[in-house]
Amino acid sequence: MRYTILLFLIVSFISCKKDKPSTPEPTQDYSVSYKKPGDDLATCMTDGDGDMSFILIKTSKGFYLDKIWKDGKSLGRYSVPFNGGDFVPEGILNKDLNIIAYGSLDGQPAWTDFLSPPHVLKQKQGRIFDMQIVHDSIWFCGEIVNGSSKDMLLGHINSGTFELRDTVSFGTSENDGAVDLCRGPDHSLLMLAYTYGGPSGDRDIFLYQYDSNGKQMRFRQWGGSGYDQPEMLLYAYNKIFVCGHTTSFGDPMHDAYIACLKEDDLSMDWEKAVNLDGHEGADFIVDAFNKRLALGSYAQMNPIHGGYGLLMDTDGNVIWQQKFMDFERFYQVRTFDDHLMYLGQKKNDDLDVAVQLHFY
């Protein structure tokens, strides 16, 4: 049965090219929502085959994988089986058309390909925030509870069976957590983390660099006088870019924080905060080609509401920023040659999965 499901999913995913819409693409921004009965939540998106993306949808009836074409149209939803427990996904990874979801299961760090029993770090409370393929190895990072505090978690799993190889946890005497991984220069691994153990007394930023075997090469810690929450990092154009939220630039409601570091020694090239008129954070950052960076987050707090999009060049100059208040929030973005596709949530009669397309 397991292999029948696997073959069905692979054939379905590969056949998406036959479903390619033939209508010409518009040149103006627009949004597409997938209205289904009940509340559908899709916080996770990953690249698929060419111009297709996968999104993971959690509903009251279970989990689904949806294929989304670059114009925002759905190419088909497929139910994926799950073996019990309360699984909370933080992201998904496409490994040779195997979709690996990671996050937490009943409060413990976990990951699953939905075709095998979930892999769980037993006896540990916490969650996995990110998982990446680096130099033919799969790494994950997150946080685990250590008494009354939290520590950073870094783990390594087998790329064929997805079974655990080893983990390490570490941190200061205060709350720490690792939030993102990415491939760095020369097959290295970069890990982004937060800490309350810095000199400012509020949240600060950690950045670690490891070689392909997981041996630490460099690390850097920094932060301002306020709250500096790192969210994601990107290695592009021979630079390392970090994004997040900050109150260190004078706005108590948070600004979008972006920093650029040099690849050879992790020294700071530039950093800045971007403000519009309220709450602006940067929960994700991706390469938008031609020395451009695409970022996004939610638009306002208390309650969290609206999608916030941002486009910058690699020198930190803002090219475009906009709030989309008909969205609940933005979760991720994918870039194409001529547009961005933000994955978000719209509130109609129910909560519906939606994407917003912004054309360059």
Item to complete: Go through the residues of the stretch 291-298 one by one and say whether even a single one is of a type in the set (D, E, K, R), modelled with pLDDT under 95 and under 30 Å from Y34 (Cβ atoms).
Response: no
Practice prompt. Give the residues of the stretch 280-297 that are open to solvent by less than 30 Å² (accessible area, probe 1.4 Å) and over 18 Å from P230 (Cα atoms), sorted by residue number.
Written response: A288
Practice prompt. Please verify whether the stretch 77-98 includes one or more residues that are farther than 21 Å from T161 by Cα, among the aromatic types (F, W, Y) and either open to solvent by 20 Å² or more (accessible area, probe 1.4 Å) or touching a Leu at 6+ places or on another chain (Cβ under 9 Å) (or both).
Written response: yes
Worksheet item: Checking D277 against (1) over 23 Å from K323 (Cβ atoms); (2) more than 22 Å from the chain's Cα centre (by Cα); (3) of a type outside the set (G, A, S), which test does it fail?
Response: (1)
Discussion item. Quick test for you: out of D313, D283, D287, pick the one residue that is without any contact (Cβ under 8 Å) to a residue 24 or more places away in the chain and within 23 Å of D180 (Cα to Cα).
Written reply: D313
Worksheet item: Looking at (1) open to solvent by less than 70 Å² (accessible area, probe 1.4 Å); (2) without any contact (Cβ under 8 Å) to a residue 60 or more places away in the chain; (3) of a type in the set (A, V, I, L, M), can you tell me which one A236 breaks?
Response: (2)
Worksheet entry | Residue among G107, G91 that is modelled with pLDDT of 95 or more and touching a Phe, Trp or Tyr at 6+ places or on another chain (Cβ under 7 Å) | G91
Practice prompt. Please find, within the stretch 335-360, the residue that is least open to solvent (accessible area, probe 1.4 Å) out of those that are part of a loop (DSSP other than H, G, I, E, B) and under 20 Å from I285 (Cα atoms).
Written response: F336
Item to complete: Please determine, by comparing only the residues of the stretch 160-173 that are loosely packed, with under 15 Cβ neighbours inside 10 Å and of a type outside the set (F, W, Y), which one is farthest from G103 (Cα to Cα).
Response: S173
Worksheet entry | Spans of strands (runs of 3 or more DSSP E) in the stretch 102-157 with at least 3 residues under 24 Å from L207 (Cα atoms) and open to solvent by 10 Å² or more (accessible area, probe 1.4 Å) | 126-134, 137-146, 149-157
Fill in: Considering residues of the stretch 250-266 that are closer than 19 Å to Q216 by Cα and touching a residue at least 24 places away in the same chain (Cβ under 8 Å) only, the residue most open to solvent (accessible area, probe 1.4 Å)
D265
Practice prompt. Please find, within the stretch 298-334, the residue that is nearest to the chain's Cα centre (by Cα) out of those that are of a type in the set (D, E) and open to solvent by less than 50 Å² (accessible area, probe 1.4 Å).
Written response: E328
Item to complete: Provide a single number: the residues in the stretch 181-217 that are among the basic types (K, R) and surrounded by 14 or more Cβ atoms within 10 Å (Cβ to Cβ).
Response: 2
Fill in: Test: Q216 is out of contact with any Asp or Glu (no Cβ under 9 Å at 6 or more places or on another chain) and within 20 Å of L153 (Cα to Cα)
yes
Item to complete: Can you tell me which residue within the stretch 27-45, out of those that are open to solvent by less than 60 Å² (accessible area, probe 1.4 Å) and assigned to a loop (DSSP other than H, G, I, E, B), is modelled with the highest pLDDT?
Response: D40
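The values are calculated or read from the model by the stated rules, or taken from the named source; none is laboratory data. Predicted, not measured: the structure shown is a model, and the values here were computed from it. Heads up, the Cβs are rebuilt from the backbone with ideal geometry, glycines too, and the neighbour counts pull from every protein chain shown. Protein only, heavy atoms only, side chains kept; ligands, DNA and RNA dropped before computing areas. Shrake-Rupley method; radii C 1.70, N 1.55, O 1.52, S 1.80 Å.
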